[in-house]
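Notes follow the structure.
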Amino acid sequence: MSINSEILNKLVTILGKEYVFIDDETRNSYGHDETEDFVFPPSVVLKPANASEISQILVLANEYKIPVVPIGGRTGLSGGALCIYQGIGLSTERLNRIIEIDEKNLQVVVEPAVITQVLKEAVAEKGLFYPVDPSSMGSCFIGGNIAENSGGARAVKYGVTKDYVLNLEVVLPDGNIIWTGANTLKNSTGYNLTQLMVGSEGTLGVITKIVLKLLPKNNYNVLMLVPFYSATEACEAVSAIFRAGIMPSALEFMERDAIDWTLKFVDGISVQVKEGIKAHLLIEVDGNYPDILMQEAEKILTVVEQFEIDEILFADTEDQKNALWKMRRSVAEAVKGNSIYKEEDTVVPRFELPKLLEGIKRIGNKYGFKSVCYGHAGDGNLHVNIIKGDMTDDNWQTQVPLGIREIFELTVALKGTLSGEHGIGLVQKNFMDIAFSKVHLELMESIKRVFDPNNVLNPGKIFPDNL
Ligand SMILES: Cc1cc2nc3c(=O)[nH]c(=O)nc-3n(C[C@H](O)[C@H](O)[C@H](O)COP(=O)(O)OP(=O)(O)OC[C@H]3O[C@@H](n4cnc5c(N)ncnc54)[C@H](O)[C@@H]3O)c2cc1C
């Protein structure tokens, strides 16, 4: 159903005409996220102010069978926010208040369009800690983080978004508004709809208020950059660090190309990468007792020194720490700036990381593509950037999907899965048969039908085309 003037008039009545956009510039701008170079402009962009307006939009969408795609900060890497069937692009950006920081209960109540870093800084001012830190935290929204169950560098010690979500206000696809749970740290009361919403990629409801758990802030950390002469050994060192009894607060892997490209892309980082170095681990430990942190750092040294490494860079000052984190967080953009690419978000049990990395390189050789790998190695989460470089368009279209399928088959054979934190969205959906049986996929799809019988909310995502 296209959006005719009758529907537009009804939308204007709900929102006011200043929040209904049909001009090309706005539609194009809301027609993309950060997934490859895709652009799918919606027919209309809406900017509602609250749950009640979103509810009225969804009632109308059901009446006229119009697709509605919730849109957050548009930093997604799996195409979840793309309006592939046009329809309504529902930007949540006006729901951007931090409603309450509850210092008595260590909780915060927020609206979905609060930028993750803004939230982190606001609670930090009160001595509190929201640990989830996707590299995109300067521009992604907390609502998008919940919809994708986002992670980040600190997930290895502190967990991912799901571990902090206590309760959600959600506008269901039929327009009903519910709270999914309670503002409690534990809850055994009925099915856990809160966690069903987490990671549902905007297909089961529009999240309009969020209650998050917070932690007390840690005061100290030690950060080191360890260069390895073998990328496989860097991966082997990852599980060795945990087996030595250390729980790092971040343990990130970067292949040589990832660092080289980033150093060219970002100014102000003075890291020298010597000839022969193939990968780095960026390792952080944190806590409240500097002596214990130094002991842990020394223990990490004894582990990594069992491998062939070069001189370790310890970040002595806050500036140095910020520079190393800036380098790590800029890898994705640097790779994107270098070539057309496809990014996969493989995750395996961490001991299997060396096998995953070697397998990716073997598969790349077989299908003729180069890959640059980096990611949250402590979680076994490896981002695989497949680089187009000088590959022909034909090989890019035909060979790369075969290679990606083999990479996912390897990932699942290693007891891992397709996505650790970026979600399935549009670009991974036709690989879901590798991770799930038909029975499993049909069960998930029947949950979708219960919530959204008319399939108006973010259709065409998560489920394979041929299910
Ligand atoms: C440079 C870069 C680095 C990144 N690093 C990380 C990282 O370290 N870890 C990580 O996990 N991810 C990372 N990402 C991916 C991305 O930032 C996350 O997936 C993020 O959570 C998306 O949030 P967003 O607000 O941009 O959502 P969008 O891209 O706008 O939307 C993502 C999905 O959420 C849905 N959605 C958005 N808001 C709502 C809502 N209120 N209710 C219901 N559904 C909603 C959309 O429909 C869509 O399906 C990175 C991305 C980039 C570009």
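The values are calculated or read from the model by the stated rules, or taken from the named source; none is laboratory data. Computed from a prediction, not measured in an experiment: that's the story for all the values here. Glycine gets a Cβ as well: all are built from the backbone with ideal geometry, and neighbour counts include every protein chain shown. Ligands, DNA and RNA are excluded from the accessible area calculation, which covers all protein heavy atoms including side chains. Shrake-Rupley method; radii C 1.70, N 1.55, O 1.52, S 1.80 Å.
Whether any residue in the stretch 52-60 is modelled with pLDDT of 95 or more and in contact with a His (Cβ under 9 Å, 6 or more places away or on another chain) is what I want to check. So far as the stretch 52-60 goes, no, none of its residues is modelled with pLDDT of 95 or more and in contact with a His (Cβ under 9 Å, 6 or more places away or on another chain). For the stretch 185-198, the criterion of being open to solvent by 20 Å² or more (accessible area, probe 1.4 Å) and within 11 Å of the ligand (Cβ to nearest atom) is met by none of the residues. Annotation note: of V160, V118, V108, the sole residue that is near the ligand (Cβ under 10 Å from one of its atoms) and either farther than 24 Å from L457 by Cα or of a type in the set (G, A, S) (or both) is V160.
Just one residue in the set A147, A122, A155 is within 10 Å of the chain's Cα centre (by Cα) and not assigned by TED's automatic domain parsing to the domain that holds V347; that residue is A147. Taking the listed residues S78, S91, S29, S55, the one that is surrounded by fewer than 18 Cβ atoms within 10 Å (Cβ to Cβ) and not charged (D, E, K, R) is S29, with no other qualifying.
The residues listed here are I3, I84, I66; of these, the one that is part of a loop (DSSP other than H, G, I, E, B), at pLDDT below 95 and hydrophobic (A, V, I, L, M, F, W, C) is I3. Restricting L426, L418, L441 to residues that are open to solvent by 20 Å² or more (accessible area, probe 1.4 Å) and either outside the structural domain of M247 (by TED's automatic domain parsing) or under 22 Å from A81 (Cβ atoms) (or both) narrows the list to L426.
Cβ-Cβ distances below 6 Å connect the following pairs, each with a first residue in the stretch 14-25 that is closer than 13 Å to P48 by Cβ, a second residue that is surrounded by fewer than 17 Cβ atoms within 10 Å (Cβ to Cβ), and a separation of six or more residues or different chains: V20/V12. Candidates are the residues of the stretch 453-467 that are modelled with pLDDT of 95 or more and away from the ligand (no atom under 12 Å from the Cβ); the one that is surrounded by the fewest Cβ atoms within 10 Å (Cβ to Cβ) is D465.
Note on the stretch 135-153: among residues that are part of a loop (DSSP other than H, G, I, E, B), open to solvent by 10 Å² or more (accessible area, probe 1.4 Å) and within 22 Å of T194 (Cα to Cα), the one that is nearest to the ligand (Cβ to nearest atom) is S150. With respect to G76, is the statement that it is small (G, A, S), in contact with a strand residue (DSSP E or B) (Cβ under 9 Å, 6 or more places away or on another chain) and outside the structural domain of P134 (by TED's automatic domain parsing) true? No, not satisfied. Listed conditions (1) among the β-branched types (V, I, T); (2) open to solvent by 40 Å² or more (accessible area, probe 1.4 Å); (3) assigned to a helix (DSSP H, G or I); (4) in contact with a strand residue (DSSP E or B) (Cβ under 9 Å, 6 or more places away or on another chain) are all met by I99, apart from (3). Within the stretch 323-350, being modelled with pLDDT of 95 or more and among the β-branched types (V, I, T) holds for T346, V347, V348.
Evaluation of W261 against the conditions (1) assigned to a helix (DSSP H, G or I); (2) away from the ligand (no atom under 16 Å from the Cβ) shows that the sole unmet condition is (2). In the stretch 6-26, what residues are open to solvent by less than 70 Å² (accessible area, probe 1.4 Å), closer than 30 Å to V427 by Cβ and not in a helix (DSSP H, G or I)? Answer for the stretch 6-26, where residues must be open to solvent by less than 70 Å² (accessible area, probe 1.4 Å), closer than 30 Å to V427 by Cβ and not in a helix (DSSP H, G or I): V20, F21, D23.
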